[in-house]
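The values are calculated or read from the model by the stated rules, or taken from the named source; none is laboratory data. Nothing here was measured: the structure is a model prediction, and the numbers come from that model. When we count neighbours, we look across all protein chains shown, and the Cβ atoms used for this are built from the backbone with ideal geometry, even at glycine. SASA here: full protein model, heavy atoms, side chains in, ligands and nucleic acids out. Shrake-Rupley method; radii C 1.70, N 1.55, O 1.52, S 1.80 Å.
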Amino acid sequence: MGGESSTMARTLRRIPNLVYYSLPPREDMPWREKWLTDIKPVLDTLDLERVLGEGTLIYLKLLIVMVLYSCSYRDAVKMVNVNVVVAWFVGRKVGKSTLHDFVGRVYEVRKKLLEISFKLEEKCLPSYLPASAHFLDFIAWLVDSFLLDLPFGKRSVETFREKAELEKKEGNLKKAKKLLSLGRTKRRFKGKWTKKRGVSHFGLKALIVISTSLFVRSITVKPANFSDERFKSPLKGIKIADRGFSPSPTQLIAMEKPFTTLRAHVEFFGTFLYKFWRPYGTTVWRNEAFLHVLGVFYNIRMFLAVQRRTPPGRRIVQL
């Protein structure tokens, strides 16, 4: 932030349904709070309420808080009361149950949200995009997959066995026997087992399509044992993938330069994904909704990174 922004950070800001808060100077903020002050101006300019509904942008902001702080619904709602920067970023209080229900709406419009955030790439001056954007003379997409581990959970048969042992100690043999007959091998989190490089993983797989400018364009979530060869990209055009994907006229396998160099840039998003990934729900669709929120968050961060390389007089947003 420049001097003008720093001065604004010291002013009192009116937050609906809250008290007046004075933001600390940016240089005194932890990195997460700095990120919130960076992305808020961009987030507010995107036409996200067109697909989410009027007045619902605050819920999306709270989901971003959940992703950034790796916290629960309850903790995200409470942070509005205890963190002045989060309170300023969100704007007003909402209930935990209301936020939980909002995830369903995000899932329904997840692709539209990601598409809107991807359009930030068009606002960047081409000469200041990452070097990978200039490797090819034709439009291409980079494809990769990332395993998302979920907790193994405790099988219900083990839970019922523990309860039966407690009943036995108290002499309730009939009840203990009934409990043992109720056990089932069902896991709480919906996922599948797979192996990668000799290591077993339980969970999901995120198949990511990004542009050569490193903006995320598509996120597909499948069980962990889904084969990369079966993946069909929803986008038209040439895709560049690794050897785990099947070759086709529209899908090139990166075996030599410059394709191998381009493939390495996909790992940049993988690092970002693993930094903020955690199980956000027991169902596949709820985790997919949060992954799209993370994709929107990532695209805004990429846009800001390009803006910092752009001369101040030619930036879309002033930092």
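Observations
- Subset of the range 120-143 [aliphatic (A, V, I, L, M) and in contact (Cβ under 8 Å) with a residue 12 or more places away in the chain]: 120, 125, 129, 133, 136, 139, 140, 142, 143
- For the range 222-244, the tally of residues that are in contact with a helix residue (DSSP H, G or I) (Cβ under 9 Å, 6 or more places away or on another chain), closer than 22 Å to residue 292 by Cβ and part of a loop (DSSP other than H, G, I, E, B) stands at 1.
- Flag: residue 210 does not match the condition of being farther than 30 Å from residue 52 by Cα and open to solvent by less than 50 Å² (accessible area, probe 1.4 Å).
- Of the residues making up the range 81-93, just one is over 18 Å from residue 44 (Cα atoms), out of contact with any strand residue (DSSP E or B) (no Cβ under 7 Å at 6 or more places or on another chain) and buried (at least 16 other Cβ atoms within 10 Å of the Cβ), namely 83.
- Checking 68, 147, 142, 136 one by one, the residue that is surrounded by 14 or more Cβ atoms within 10 Å (Cβ to Cβ) and assigned to a loop (DSSP other than H, G, I, E, B) is 136 and no other.
- Of residues in the range 117-133 being out of contact with any Ser or Thr (no Cβ under 7 Å at 6 or more places or on another chain) and open to solvent by 20 Å² or more (accessible area, probe 1.4 Å), the one nearest to residue 284 (Cα to Cα): 118
- Some residue of the range 121-128 being closer than 30 Å to residue 49 by Cα, of a type in the set (Lys, Arg) and at pLDDT 85 or above: yes
Conditions tested, residue by residue: (1) modelled with pLDDT of 80 or more; (2) not polar (S, T, N, Q).
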residue	(1), (2)
155	no, yes
164	yes, yes
180	no, yes
205	yes, yes
246	yes, no
270	yes, yes
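- Any hit, the range 107-119, residues being free of Cβ contacts under 8 Å to residues at least 40 places away in the same chain, over 30 Å from residue 311 (Cα atoms) and not aromatic (Phe, Trp, Tyr): yes
- Among (1) open to solvent by 60 Å² or more (accessible area, probe 1.4 Å); (2) out of contact with any Asp or Glu (no Cβ under 9 Å at 6 or more places or on another chain) - the single one residue 175 does not satisfy: (2)
- Filtered residues of the range 261-319 (kept if open to solvent by 20 Å² or more (accessible area, probe 1.4 Å) and outside any helix (DSSP H, G or I)): 277, 278, 279, 282, 283, 311, 315, 316, 317, 318, 319
- Output for the range 88-111, where each listed residue is part of a helix (DSSP H, G or I) and either within 17 Å of residue 38 (Cβ to Cβ) or out of contact with any Leu (no Cβ under 9 Å at 6 or more places or on another chain) (or both): 88, 89, 90, 96, 97, 98, 100, 101, 104, 107, 108, 111
- Among (1) of a type outside the set (S, T, N, Q); (2) open to solvent by 50 Å² or more (accessible area, probe 1.4 Å); (3) assigned to a strand (DSSP E or B); (4) at pLDDT 80 or above - the single one residue 252 does not satisfy: (4)
- Of all residues making up the range 50-65, the number that are at pLDDT 90 or above and open to solvent by 40 Å² or more (accessible area, probe 1.4 Å): 1
- Members of the range 213-230 found to be open to solvent by less than 10 Å² (accessible area, probe 1.4 Å) and more than 17 Å from the chain's Cα centre (by Cα), listed by number: 213, 224
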